[in-house]
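Reading through the structure tokens given below for one structure.
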Amino acid sequence: MPDQPQMVVYQLKIALRGISPLIWRRRLVHANTSIAELHHIRQLAMGWANSHLHRFLIYGKEYGSAYDGGMGFDEDPKQIRLADFCFRLCERFLYE
């Protein structure tokens, strides 16, 4: 029987910085999740309504969805997958 491809799932701890008491959520996301999908997962996890501009800062590069009057980005967030970053255990990235 051939080996089944391994499904990679990331366990993310989403924490709001600079507030007390700490507010956080834990989510499991598949490695094939796009940056655009992760934004929506984050919004749902925190009970937010997608009413603010946002960006991810990963390995020193900005990613996100461009909006009129807002930030622009080099790459399409629907095409960038978490697996593309090859995250290791306990690595962090920023969502603003």
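Observations on the structure shown:
- Residues in the range 22-67 that are in contact with a Phe, Trp or Tyr (Cβ under 9 Å, 6 or more places away or on another chain) and among the aromatic types (F, W, Y) were compared, and the one that is farthest from K78 (Cα to Cα) is Y59.
- Complete set of residues in the range 62-95 that are under 20 Å from A15 (Cα atoms), surrounded by 12 or more Cβ atoms within 10 Å (Cβ to Cβ) and not aromatic (F, W, Y): E62, G64, L82
- Pick from the range 41-56, criterion modelled with pLDDT of 85 or more and under 12 Å from Y95 (Cβ atoms), ranking: surrounded by the fewest Cβ atoms within 10 Å (Cβ to Cβ): W48
- Residue match in the range 66-84 (condition: within 21 Å of Q6 (Cβ to Cβ) and without any contact (Cβ under 8 Å) to a residue 12 or more places away in the chain): yes
- Restricting the range 51-96 to residues that are small (G, A, S) and over 13 Å from the mean Cα position of the chain (by Cα), the residue that is nearest to L16 (Cα to Cα): S51
- Counting only residues that are outside any strand (DSSP E or B) and β-branched (V, I, T), the range 37-82 holds 2 of them.
- Residue in the range 8-19 that is small (G, A, S), in contact with a helix residue (DSSP H, G or I) (Cβ under 8 Å, 6 or more places away or on another chain) and without any contact (Cβ under 8 Å) to a residue 12 or more places away in the chain present: no
The values are calculated or read from the model by the stated rules, or taken from the named source; none is laboratory data. Being a predicted model, the structure only gives us computed values, none of them experimental. FYI the Cβ positions are ideal-geometry reconstructions off the backbone, even for glycines, and counts take in every protein chain you see.
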